[in-house]
């Protein structure tokens, strides 16, 4: 169990430490839900079809929405990833991990990754939904 501001990472005793995510997070504060963010820029234009680069942009997009509410990566409590190419995701996990740390640092919320047959935007390879909890008071 680790406390980070108003967040508590939940790690049951005796469980193996997860890599790159938390088993659970408890939090209190203002809830911020993001839509599913894909790998296009702020003008809804894809700059690349590369899986890793779309992941980088999708994470930046999630963070931009959270920042609009006054939060940062440390306030993310949950990310849900939808990917269209499981083999590509598995083959590029190191690069995806590096991009994750570049954008969000070493804060690891609860996460799920779901392989899907397609996303609504044909060029999208990844879609990421975020949930953040931002403390109501600066001292939280």
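Where a number appears in this text, it was derived from the coordinates with a stated rule and is not lab data. All of these numbers come straight from a predicted model, not from anything done at the bench. For neighbour counting, all protein chains shown are included, and Cβ atoms are generated from backbone atoms with ideal geometry for every residue, glycine included.
Points worth noting:
- As a proxy for reagent exposure, ranking 113, 133, 45 by other Cβ atoms within 10 Å from fewest up yields 45, 113, 133.
- Angle between the chain longest axis and helix 93-104 axis [Cα atoms, degrees, rounded to 10]: 60 degrees
- Estimated FRET transfer efficiency when R0 is 22 angstrom, pair residue 41-residue 112 (beta carbons, to 0.05): 0.30
- Computed on the Cα atoms alone, the convex hull of the chain gives a volume of 104 cubic angstrom per residue.
- Going from the residue with the fewest nearby Cβ atoms within 10 Å to the one with the most, 101, 78 rank 101, 78.
- Value of [θ]222 nm, deg cm²/dmol, for the chain, DSSP H segments ≥ 4, -39500 (n - 2.57) each, nearest 500: -8000 deg cm²/dmol
- Relative to the longest principal axis of the Cα atoms of the chain, helix 51-68 runs at roughly 40 degrees.
- Over the stretch 63-140, relative contact order from alpha-carbon pairs under 8 Å, at least 6 apart, %: 49 percent
- Nearest-0.05 FRET efficiency for residue 65 and residue 86, computed from C-beta distance (R0 22 Å): 0.25
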